[in-house]
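Read the structure below first, then the notes.
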Amino acid sequence: MAKGAALARRVVKVLLNRLANKTEEQVKFLEFLKLLEEVYKKEKTLRDLVLNEEIPLEEKLKVFETLLEKVDIEDKNLARELVEYLTRHHAFKYLPLIIRSYQYELENVLGTVKAEIITASELPEEIKTKLVQTLEGKLNKKVEAEFSVDPSILGGFVVKTTSFVVDASVKDLLRELAMKI
């Protein structure tokens with residue numbers, strides 16, 4: 001995993017340096033990375049193509065050209081370089097690490113944090129607002145919250161960001177109590 005983490009840091013550094021001061025394009029590249037991961041996961045034929053050593057790199061890259069034409073990215077050359085690098089270094093398997101690292105660094109650049117807030121039931125808007133304000137106060141960053149409901153947590157909430165998870169759910173409390181018994 002150390003190789004994957006080092007590769008992810010290298011990719012993220014290059015992307016953010018090349019996209020410096022282009023906030024909208026930085027965000028679009030995050031979406032592009034997520035799209036690459038999704039396509040790579042879902043399409044076995046694409047995975048087989050990318051991993052096949054007998055197929056020349058140029059042939060592999062032609063397959064991605066259609067995808068590159070459809071994405072809303074200004075710097076298509078950087079996107080091509082990224083796909084070529086991932087293909088050449090068999091690094092598609094590290095896309096989850098790259099995405100997490102890129103998102104973390106992008107949040108630092110933008111001064112925002114994306115947070116997934118999971119509750120056992122739907123919360124009233126005023127409580128959602130208060131929860132987001134509390135998070136912003138603790139993190140000293142703007143929080144872009146996405147709320148979801150998971151009745152299996154029984155009560156409380158879970159907050160997930162790229163850098164931490166806070167599990168204040170009844171389910172987690174019961175699990176901790178059971179471990180102490």
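Bear in mind these aren't lab numbers, they're just calculated from the coordinates by the rules spelled out. No experiment lies behind these values; they were computed from the predicted model shown. Heads up, the Cβs are rebuilt from the backbone with ideal geometry, glycines too, and the neighbour counts pull from every protein chain shown.
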For Phe64, Phe164, Phe147, ascending order of other Cβ atoms within 10 Å (fewest first) is Phe164, Phe147, Phe64
Which value in deg cm²/dmol, rounded to the nearest 500, describes the helix-derived mean residue ellipticity at 222 nm for the chain, given -39,500 (n - 2.57) per DSSP H run of n ≥ 4 and division by the residue count? -20500 deg cm²/dmol
Calculating Cα Rg over 2.2 N^0.38 Å from this structure picks out, from (1) 1.25; (2) 1.09; (3) 0.95, entry (1)
Please report the antiparallel percentage of the DSSP beta bridges confined to the chain, to the nearest 5. 55 percent
FRET efficiency estimate (nearest 0.05) - Cβ-Cβ, Lys42 to Val14, R0 35 angstrom: 0.85
Scalar couplings 3J(HN,Hα) for the stretch 16-22 by Karplus 6.51 cos²θ - 1.76 cosθ + 1.60 (θ = phi - 60°), nearest whole Hz, x for Gly and Pro, are 5, 5, 6, 9, 3, 6, 10
Calculate how large, on average over all directions, the projected area of the Cα convex hull of the stretch 1-106 is; give the answer in nm² to one decimal. 6.2 nm²
Average projected area [Cα convex hull, the stretch 112-180], square nanometres: 4.8 nm²
